[in-house]
Amino acid sequence: MVDSSNLYETWQLVCNQVKGYDSVNPVQVDAFFSRLQPQAISDGFLIVTADTAFIKSQVERRFMTTIQQALKDLFGIDYLVEIEVDPMGDAAAGAPVQMTAPAAAPAPMAPAPVPVHPFAGSVAAPQQTVAETQPAPVQAHHTGTTQPIPPVQAQPMPAEEAPDATDAAAFPMTAGEETEFVEQVLPSPRGANARHPRNAVNDTALLASALTFETFVVGNSNRLAYSMAVAVAEEPGKKNLNPLFIYGRSGLGKTHLLRAIQNYIIATNPQMRVVYIDSSEFLSDYTAAVVAHDKNKDSYLNFQNRYLDADVLLIDDVQKFQGKSATVDIVFQLFNKLTDMGKQVVLAADRAPKTIDIDERYTSRFNSGGTCDIQPPEVETKLGIIKGFIEEYRSSENAYDLYVPEDIQMYIAEISSSNVRELKSAVTKVISQITYFNNPDISLPDVRVLLENHFLSGGSKRLDVASIQKEVERYYKISHADLVGKKRSRNIAYARQVAMYLCRQMLDIPYNDIGKRFDRDHSSVMYSVGQVEEKLTKSRELQEEIELIIKNIREN
């Protein structure tokens, strides 16, 4: 018999029971259940409230069966569970709601983008073409006064600036279906809201992207960024989160969150126009518009209107605007016009706004709304990503008999780098060995050999003092003569201390040996390293600088 007199203790029992199941990620339970409030419980019936419709739909989709199982295991009878949206949101958390008779069936959930093959974009993914795919049942309607955009020849893009393969997942669609999709869902190139012609296929892929809030694994390292992204998706243009700036190392999920915002808004607010663009594509479009201006005076206006007609503008990898002052000016103008009109802007970068080398007034403006970082995932989060990835494969391939031993999953989580793409490609390798190479009994020693060199990520490069000095000089824009010379101006002394610290950390050589390369004695190097170590405990900005310089040293 359930004790209804102590509602919150009973609810806590249910939560703990749910987290105790092997098939459940406790971190995700904490993330979602913290947004629920119990309202009433009796024999066979439980009602809770969620602070938003999004949380309600996610809990129903992810955890409803598990909650019902937990209640049955605890109290021995079947339960009907109702989740309602609290109309007062967080402010009314815990307040009783008006109870009605249980509905015969749960309320319909908002449409979600259709999941695709989980390996789309990963290293072992089979290449798919648009002719092999099928559209998502989402119709987008756009409003505005955009001028028709003439065809523009795409500019060649350097390989190192090309968008990451995981940015948009391809999905099956026949040639006829593709034509129908472009004609019925995407605006006509001749209409008032024409899109850039070369983005039609991209938009098709984006609408069906697997990068949704549902497939994003929440952990302590990314919880704040996830919550802010959800808030923006639910209520675009909210002043305290406009703009939203998300930053963190490559591969931690920034693009995933931007795509999730896009897909959620397309599914729940199809009348809104959402534009996602990578900085490299933006630069290419801008260059093409300028080049075409002599022949077509509307080319630049069309370029601007593509973005000004957006209700939500998502720009990825904005750090690539460094050193491109004209482009930054254009971005800033668009940014100001959109936010002044109450339209949402979301930016993502691999570093904090303060450490992007652009005009300080732009940095301040970019940082004026919500700013949050994504930290490298802890082992528990990585394990959750691995489990989710395996489940996606089982579902998409109908391979429900696929089994990856727990010790292998934990091994991958423990040895993997912070880059989620590398993590998923490691799981891909293991699954490929199990399935394509007919090795269902793969063992942990086999996996150790298989992944022996998988997570090096440039870390095996032979380093020396000269390579560290060179990267520090490049980053802080000082000469080698100044770095090892006698000048003591603040910026030079600061860079010199960072270089000495990095030599000590990355090479682990004696202070005296480092001193010889900087024309300093043992005690000077020791003091410099100590200064940086002390500042690192207090300065988040310095931590990010050090991380970025180390990344550049290993990659260059």
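Considering only protein heavy atoms and a probe of 1.4 Å, how much of the accessible area of the range 382-518 is carbon and sulfur, as a whole percent?
On the way: 3570 of 7240 Å².
Here carbon and sulfur together make up 49 percent of the probe-accessible area.
In nm, what is the difference between 0.36 nm times the number of residues separating Y21 and S250 and their Cα-Cα distance? Don't skip to the end; give the middle numbers.
On the way: separation 229, 0.36 × 229 = 82.44 nm, distance 3.25 nm.
Full extension from Y21 to S250 adds 79.2 nm.
Among 438-450, 378-390, 228-240, how do they line up by average Cβ neighbours within 10 Å per residue, starting with the highest?
Details: 438-450: 12.7, 378-390: 20.2, 228-240: 18.6.
The packing order, highest mean first, is 378-390, 228-240, 438-450.
Per residue, how much accessible area does the range 399-556 show when a 1.4 Å probe rolls over the protein heavy atoms, in square angstrom? Spell out each step's value before the answer.
On the way: 8730 Å² over 158 residues.
Heavy-atom accessible area per residue stands at 55 Å².
Please list 214-222, 15-23 highest first by mean number of surrounding beta-carbon atoms within 10 Å per residue.
On the way: 214-222: 21.0, 15-23: 14.0.
Descending packing order for the listed peptides: 214-222, 15-23.
Starting from the Cα coordinates of the range 208-355, work out the convex hull volume and express it per residue in Å³. Display every interim value, and only then the final one.
On the way: hull volume 17.8 nm³, N = 148.
Each residue corresponds to 120 Å³ of Cα convex hull volume.
For a Förster distance of 22 Å, can you work out the FRET efficiency between the beta-carbons of D78 and Y8, rounded to the nearest 0.05? Numbers along the way, then the final one.
Details: r = 23 Å, r/R0 = 1.04.
Efficiency, from the Cβ-Cβ distance: 0.45.
Between R540 and H522, what length in nm is gained on full extension when 0.36 nm per residue of separation is reduced by their alpha carbon distance? Numbers along the way, then the final one.
Working: separation 18, 0.36 × 18 = 6.48 nm, distance 2.81 nm.
Additional length available on full extension: 3.7 nm.
For T287 and Q505, what does the FRET efficiency come to when R0 = 45 Å and r is the distance between their Cβ atoms, rounded to the nearest 0.05? Provide the component values of the computation, followed by the final result.
Details: r = 40 Å, r/R0 = 0.89.
After rounding, the FRET efficiency stands at 0.65.
Quick one: if you stick a label point 7 Å off each Cα along the C-beta vector at R62 and K238, how many nm between them?
Computed distance between label sites R62 and K238 equals 1.8 nm.
Roughly speaking, what is the centre-to-centre gap between the range 1-50 and the range 474-545 when only Cα atoms are used, to the nearest Å?
One Cα centre to the other: 53 Å.
Using every alpha carbon pair in the range 425-548, what percent of pairs falls into each 5 Å bin from 0 up to the bin containing the largest distance?
That works out to 2, 10, 17, 17, 13, 8, 6, 7, 8, 6, 4, 2, 1, in percent per bin.
May I ask you to derive the FRET efficiency for E406 and F32 from their Cβ-Cβ distance with R0 = 25 Å, giving the value to the nearest 0.05?
Numbers: r = 24 Å, r/R0 = 0.95.
E(calc), rounded to 0.05, equals 0.60.
Extending each Cα 7 Å along its Cβ direction at L444 and K324, get the distance between those two points in nm, one decimal.
Modelled inter-label distance: 4.8 nm.
Run the simple label-point estimate for N296 and R361 please: 7 Å along Cα→C-beta, distance reported in nm.
3.3 nm
The values are calculated or read from the model by the stated rules, or taken from the named source; none is laboratory data. Fair warning: this is a prediction, and the values are worked out from it, not measured in the lab. We place every Cβ from the backbone using ideal geometry, glycine too, and count neighbours over all the protein chains shown. Ligands, DNA and RNA are stripped out before the accessible areas are found, and what is left, the full protein with its side chains, is counted by its heavy atoms. Shrake-Rupley method; radii C 1.70, N 1.55, O 1.52, S 1.80 Å.
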